[in-house]
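The values are calculated or read from the model by the stated rules, or taken from the named source; none is laboratory data. It should be emphasised that the depicted structure is a prediction, and the values quoted were computed from it without experimental measurement. Backbone-built Cβ (ideal geometry, glycine too); neighbour counts: all protein chains shown. Note: accessible area is taken over every heavy atom of the protein model, side chains too, but ligands, DNA and RNA are not part of it. Shrake-Rupley method; radii C 1.70, N 1.55, O 1.52, S 1.80 Å.
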Amino acid sequence: MAALRAPLWGLSIRRRFLISTASADLAVLLAAIVPASLIDFGVGLPWLAEPRILPVIGIMVGSALLASWLSARMWSGHAPRPNYGRATVIVLGTLGLTSLSLTLTQLYFSRPIIGWTMVFWLSGALAHRAVRRRRPWTEDLVLVTAEKGLVDDLRFSTHANVIGVLDPGTEGEILPLEAGQILAVDLRSVLSDRMAQYVSSCTLAGLDVRPLTTVYEEHTGRLPIVHLAEGWELRTPVVKTAPYLPGKRLVETGMVIVTAPLSLLIAATIAIMVRFSSPGPVIFRQTRVGRNGQLFTLYKFRTMHDGAEETGPRFAATDDDRVTPVGRWLRPSHLDELPQLWNVLKGDLALVGPRPEQVAFAREFSRTIPFYSHRHLIRPGVTGWAQVNYGYADDQADTIEKLTYDLYYVKHMSPWMDLHILGRSIWTVLTGFGSR
């Protein structure tokens, strides 16, 4: 089979989306200066009242472009979407960069005009994203595969429009691709001579032909386990990202130390509540499986009655009678996991990574679920890609689903993806998503 072409059209449509979003943000920023100037100076164009404001506007625009670029880097290979959280991060990032620049340069600036500009800009940025979310961009896909599960997952993806599925073994006539359509080929399938000729012809004609696994990962943020053959497909990316791991450890440790005053204050309050809510220790200790299968002790605030797991570990259930009244409040907010910041300082955990599993479950899943042990190639985390996308797993079927997200993170781990996960984790804490 001829080599598959790089996804030129796929890159183009993503680039167009990112550029158009950034351009709309920039236009809204410039427009936001007008009402802000009216409030502060009484005129719509601030430089008419104060010419020294022009460098400040230039710094805001430059900061906005840098914040937008950093946000684009955080998409981590999956399909970009109009996201309210990212709009907020871009505005706050611009405000932070602008403030830092003005402090370093000691330029003249007006706090009211900067503040009001950010307020109007955020409102406009959220508004144009709301319009875009009503009709998001899509890619037209023709799939060559017999894997119904992968097809169904793509059909439910926001930006994938599956317009046809071709049998890899077909020998009949096949209609040519139309302009803008993508042919996603399942390289695990055995192609008939007719289908192999068709795929080769599409490639030679310069049409967009991609591996199905690449399309699937981009649109779902998951790794198709059925396409893993040897396991080295995951070990190789981990080796390539190895230089990032010491820096990741250093940055995450620094983040824990910097936020320690606040986290310790919250932890002390929770400790008092747990201590007086039910008899038993404040801190719950449990052995979990870490990087390369090494065991460590994980710390949490106790949310269950003392001795709840004397009969052995089991998945938590909705309205679990083992959970204490305080635990029912702590679990949705994930505040019971605050002591795990000590695990981060010790090196047992990272802030971001696959969640560590109990020993009994990990051994069972390693025996019954293919490639489960590959999630142990990297240090487990307090939060992770599976947590912000899927939530809690209460049986083996759910565990397999979560594993597709964990292995995606193992393969695509990067600073930008970690920042993305940490940002989404804040929303998870606020909403209680995925808790039991």
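Side notes on the structure shown:
- Subset of the stretch 157-168 [outside any loop (DSSP other than H, G, I, E, B) and within 20 Å of Glu401 (Cα to Cα)]: Ala160
- Neighbours by Cβ (under 6 Å, 6+ apart or cross-chain): first from the stretch 246-260, farther than 14 Å from Val352 by Cα and touching a residue at least 24 places away in the same chain (Cβ under 8 Å); second open to solvent by less than 90 Å² (accessible area, probe 1.4 Å) and of a type in the set (Gly, Ala, Ser): none
- Only one of Leu143, Leu122, Leu154 that is part of a helix (DSSP H, G or I) and touching a Leu at 6+ places or on another chain (Cβ under 7 Å): Leu154
- Residue identified as at pLDDT 90 or above and open to solvent by 30 Å² or more (accessible area, probe 1.4 Å) among Gly96, Gly124: Gly96
- From Thr213, Thr236, Thr170, residue being in contact with a His (Cβ under 6 Å, 6 or more places away or on another chain) and β-branched (Val, Ile, Thr): Thr213
- Count of the stretch 269-288 residues which are among the small types (Gly, Ala, Ser) and part of a helix (DSSP H, G or I): 2
- Among residues of the stretch 30-54 that are of a type in the set (S, T, N, Q), those with a Cβ under 7 angstrom from a residue that is surrounded by 15 or more Cβ atoms within 10 Å (Cβ to Cβ), sequence gap 6+ or separate chain, pair up as Ser37/Pro46; Ser37/Ile113.
- Among residues of the stretch 169-186 that are within 23 Å of Trp137 (Cβ to Cβ), none has a Cβ under 6 angstrom from a residue that is in a loop (DSSP other than H, G, I, E, B) and basic (Lys, Arg) at a sequence gap of 6+ or on a separate chain.
- Pick from the stretch 380-417, criterion modelled with pLDDT of 90 or more and acidic (Asp, Glu), ranking: least open to solvent (accessible area, probe 1.4 Å): Asp406
- For the residues Pro46, Pro82, the requirement of being open to solvent by less than 30 Å² (accessible area, probe 1.4 Å), touching a helix residue (DSSP H, G or I) at 6+ places or on another chain (Cβ under 7 Å) and more than 16 Å from Ala125 (Cα to Cα) singles out Pro46.
- Screening Ser263 on (1) modelled with pLDDT under 95; (2) open to solvent by 30 Å² or more (accessible area, probe 1.4 Å) shows it passes everything except condition (2).
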